[in-house]
Amino acid sequence: MKFGTKAVHAGQAPDPSTGAIMTPIYQSSTFVQSAPGKHQGYEYARTGNPTRTALEANLAALESGGHGICFSSGLGAMDAVIRLLKAGDHVVCCDDVYGGTYRLFTQVFARFGMEFTFADMADPAAVERAVTPRTRMVWIETPTNPLLKVLDIRRIAALARERGALAVVDNTFATPYLQQPLNLGATIVVHSLTKYLGGHSDVIGGAAVTDDGDLAKRLHAIQNAVGAVPGPMDCFLVLRGTKTLHVRMARHCENAGRVARFLEDHPRVGRVHYPGLPGHPQHALAAEQMTGFGGMVSFELADDSLQRAAAFCTATRVFSLAESLGGVESLVEHPAIMTHASIPKDVRESYGLRDGLIRLSVGIEDADDLVEDLGRALETAHR
Ligand SMILES: *Cc1c(COP(=O)(O)O)cnc(C)c1O
């Protein structure tokens with residue numbers, strides 16, 4: 001079955017008791033048994049809920065994995081994946097990683113005796129140098145956030161495997177429509193469902209997908225033991241989102257490409273970070289590893305001024321100033337002050353995240369209006 005058909009149908013059959021074509025929101029905490037221990041597959045809704053089961057099967061199909069395990073947020077999913085490890089284990093993580101992931105690793109799990117090394121994975125040799133005999137996991141996020149570097153999943157995952165470490169890919173930015181890490185050698189894919197998979201800025205959720213039955217069993221056990229599960233209404237909302245993922249992503253890519261080219265040609269704009277631009281350092285890798293370049297664009301103003309960047313963020317009218325990304329509506333944000341504030345300034349600057357950087361989540365509105373809005377805001381910011 002091809003992607004668009006799986007997006008609409010995988011994991012969902014008409015409800016057997018009523019024929020409802022949409023998977024119902026099973027808003028029930030417990031399920032009646034006909035005799036002690038005799039039930040229809042569901043006992044207690046932390047352990048399992050039919051709406052969640054449908055979403056887990058849908059996501060597994062989209063990522064070409066056998067097993068999906070859902071959580072109450074993206075960080076909930078990432079927390080569960082890190083819990084596969086134990087004290088003394090070492091993780092190599094890409095440096096330009098989602099701020100919340102960095103915080104989870106350095107502020108929570110480092111206290112439990114796990115060690116984390118952050119490396120510039122755009123250079124696979126840097127991964128090799130960072131790996132130690134205790135490395136049990138290599139954490140890849142690509143394209144990276146907010147600098148949109150593209151990391152070579154096939155190469156880094158092979159290196160991880162060779163050293164006996166799990167290769168985990170945070171596929172939130174690309175989505176399975178544009179990039180399928182399990183087919184490139186990764187062992188686990190993690191997602192913030194809050195972003196493109198939900199797609200409408202109305203739900204928080206997370207997921208892990210793997211083709212490894214043993215790891216899936218362990219992740220299901222962690223899901224049940226720790227309890228960061230999504231509610232059935234949230235699962236329903238994400239299921240509604242994934243049905244249009246392929247249609248939305250095509251438009252996100254088209255609009256982001258138009259925005260990136262517009263910014264690149266604009267005299268008030270400095271560097272533009274977008275994997276679809278021929279001048280992007282990993283453009284060729286992105287073209288090979290992904291089937292499109294995504295909806296995220298970041299850029300610096302030509303004079304790299306913090307004040308002007310902040311002024312720009314409040315001058316747009318179609319782009320709303322807000323954290324998050326991946327919804328149908330366009331958003332603008334300032335990483336150094338907003339999403340990445342939990343990363344110390346010297347650490348941020350050491351890998352190129354400057355105070356003047358602006359990040360756009362390009363939505364699916366009419367591209368003419370988006371470009372006009374950005375042009376007007378650039379002029380306003382320079383008054
Ligand atoms: C948002 C995000 C997360 C965290 O997900 P939540 O749903 O907010 O917990 C993790 N990784 C990336 C790349 C994200 O964009």
*Go through segment 76-101 residue by residue and tally those that are closer than 17 Å to ALA130 by Cα and crowded, with 20+ Cβ neighbours inside 10 Å.*
7
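Would you confirm, using the coordinates I've provided, whether LEU59 is within 16 Å of the ligand (Cβ to nearest atom), of a type outside the set (Gly, Ala, Ser) and in contact with a Cys (Cβ under 6 Å, 6 or more places away or on another chain)?
no
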*Extreme residue, farthest from the chain's Cα centre (by Cα), among residues of segment 173-198 that are within 13 Å of the ligand (Cβ to nearest atom) and more than 24 Å from ALA160 (Cβ to Cβ)*: GLY198
*Residues located in segment 223-238, provided they are in a helix (DSSP H, G or I), away from the ligand (no atom under 15 Å from the Cβ) and either surrounded by fewer than 20 Cβ atoms within 10 Å (Cβ to Cβ) or not assigned by TED's automatic domain parsing to the domain that holds TYR26 (or both)*: ASN224, ALA225, MET233
*GLU254 passes all but one of (1) of a type outside the set (Ser, Thr, Tyr); (2) away from the ligand (no atom under 12 Å from the Cβ); (3) not assigned by TED's automatic domain parsing to the domain that holds ALA322; which number fails?*
(3)
*So, of the residues in segment 58-75 that are in contact with a Lys or Arg (Cβ under 7 Å, 6 or more places away or on another chain) and closer than 15 Å to THR172 by Cβ, which turns out to be surrounded by the most Cβ atoms within 10 Å (Cβ to Cβ)?*
CYS70
*Any residue in segment 106-114 that is hydrophobic (A, V, I, L, M, F, W, C), more than 28 Å from GLY231 (Cβ to Cβ), crowded, with 18+ Cβ neighbours inside 10 Å and modelled with pLDDT of 95 or more?*
yes
_In segment 173-214, the residues that are assigned to a loop (DSSP other than H, G, I, E, B), hydrophobic (A, V, I, L, M, F, W, C) and either surrounded by fewer than 24 Cβ atoms within 10 Å (Cβ to Cβ) or out of contact with any Leu (no Cβ under 7 Å at 6 or more places or on another chain) (or both)_ = PHE173, ALA174, ALA186, LEU193, VAL203, ILE204
*Residue under evaluation ASP95, criteria (1) more than 27 Å from LEU148 (Cα to Cα); (2) modelled with pLDDT under 95; (3) within 16 Å of the ligand (Cβ to nearest atom), criterion not met*: (1)
*So, in segment 24-50, of the ones that are surrounded by 14 or more Cβ atoms within 10 Å (Cβ to Cβ) and among the hydrophobic types (A, V, I, L, M, F, W, C), which residue ends up farthest from ASN224 (Cα to Cα)?*
ILE25
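The values are calculated or read from the model by the stated rules, or taken from the named source; none is laboratory data. No experiment lies behind these values; they were computed from the predicted model shown. Because the Cβ atoms are built from the backbone with ideal geometry, glycine has one as well, and the counts that use them run over all protein chains shown.
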